[in-house]
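The values are calculated or read from the model by the stated rules, or taken from the named source; none is laboratory data. Here the structure is a predicted model, which is why all the values come from computation and not from measurement. With ligands, DNA and RNA removed, areas are computed over all heavy atoms of the protein, side chains included. Shrake-Rupley method; radii C 1.70, N 1.55, O 1.52, S 1.80 Å.
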Amino acid sequence: DFMSRAPLWCCLLLALVAGYGEPSEELQKFPKTKALKHLKSRLRDWNRTSRYVVAMIVDDTQHDVKAYAEEFTIPLWEEYCAQHSYDFLVQEGSLAGDTHVSWSKPVLVDTIFGAKKGWHYAWVVDPNTAPVLFTKTLEWVITTYMKKWEKRESRPLAWCPQECDEEYKDKMTGCYGPFESGCVFRKSESISRMMHVWWGFREKHLNTKHPERGLRKSLDKEVRLHTFWNKVYFDDAQEWIGKPSSKFVPTFSYTTEHKWDVKAMLTDLLAAKPELGKIVNNAHKKREAEEFKKLKGNRTNTEL
């Protein structure tokens, strides 16, 4: 019969899939937070200009992250999106209620596509990332990585850059799960269910030593090997995305020179790439001018 002829890896895969039941409907429900209500209100009033949206969640309880995001990475992403006519959405604050802020991502993706604004793809990036090569596009990422997995019966719902060693012989031992930043999601009738199932698996990871890693583990070990095994794909894209040395969208995490000092890494980046420094400086001048105009308006109203 079929099972006796099937290769061992196929049997193991079927066993893994069978071992993961979907979370209960109750676990799949998103928290009803003020932050989520506010986001939905923002999206209702959003004037969409593109088929693509780049989205970032900034944890407003981590003041160092908020500071370098506002000073460096948000201005760079804003300018990048403006040049390529993408929409850019910054969600300040967690959407995950009492759960770790990283679990805001499935809530964010579901809300973006549920807003019915016509976005076809959402690229979710972290505050410690920045575009440094403006000639590369999101369309290039989709064509190079996501669409190569397309088959007539299966179109990927999600693609993520994969964390891999710089050099390796075997992907099974040299690559791990997805990076936390840089995943691309495609609008589909199934995307909402995927996000709710992903969210529902959070219970397996809340009491671990590193709950912030649970999101990527769940996408890799549970969502990808469960109902959506042919809808989620990862690729080694470190030449372009994910590492501090990546040429397109580096992630500023740990380096031997600066350790975990993201602000120092970004300062070095702007010194090495004056064109990016100019973008950041112009953004600061624009923000100062807007704040001055607002302050002047408030003074005028007070005098009246």
- Which residue, Thr61, Thr137, Thr99, tops the fluctuation ranking in a GNM of the chain built on C-alpha contacts under 10 Å? Thr61
- Add -39500 (n - 2.57) for each DSSP H run of 4 or more in the chain, then divide by its residues: what number comes out at 222 nm, to the nearest 500 deg cm²/dmol? -11500 deg cm²/dmol
- Task: Tally the DSSP beta bridges in the chain and give the antiparallel ones as a percent, rounded to 5.
- Result: 40 percent
- Query: So how much accessible area does Lys243 have, in Å² to the nearest 10, using a 1.4 Å probe?
  - Reply: 40 Å²
- Amide H neighbours of Cys183 under 5 Å, counting only residues 5+ apart in sequence or on other chains, H built in-plane at 1.01 Å? Val124
- Item | Options (i) 0.98; (ii) 1.32; (iii) 1.07 - which one matches Cα Rg over 2.2 N^0.38 Å as calculated here | (iii)
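So what is the relative contact order for segment 17-152, in percent, with contacts set as C-alpha pairs under 8 Å and at least six apart?
Taking the mean separation of contacting Cα pairs over the length of segment 17-152, I get 33 percent.
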- Can you run phi through the Karplus equation (6.51, -1.76, 1.60; θ = phi - 60°) for segment 248-265 and list ³J(HN,Hα) in whole Hz, with x for Gly and Pro? 10, 10, x, 9, 8, 10, 10, 9, 5, 6, 10, 6, 9, 7, 5, 4, 5, 5
- Message: Relative contact order for the chain: what percent, with Cα pairs under 8 Å and sequence separation of 6 or more?
- Response: 20 percent
- Message: Could you identify which residue out of Arg42, Arg216, Arg287 has the top mean-square fluctuation in a GNM of the chain using Cα springs shorter than 10 Å?
- Response: Arg287
- Query: Using a 1.4 angstrom probe with every protein chain in place, what is the largest-first accessible-area order of Glu25, Glu78, Glu189?
  - Reply: Glu189, Glu25, Glu78
- Task: Report the relative contact order of segment 166-304, percent, no decimals, based on alpha-carbon pairs under 8 angstrom and at least 6 residues apart.
- Result: 13 percent
- Task: Would you mind checking Lys34/Lys294; Lys243/Lys294; Lys217/Lys263; Lys148/Lys209 for any pair whose Cα atoms are more than 30 angstrom apart?
- Result: Lys243/Lys294; Lys148/Lys209
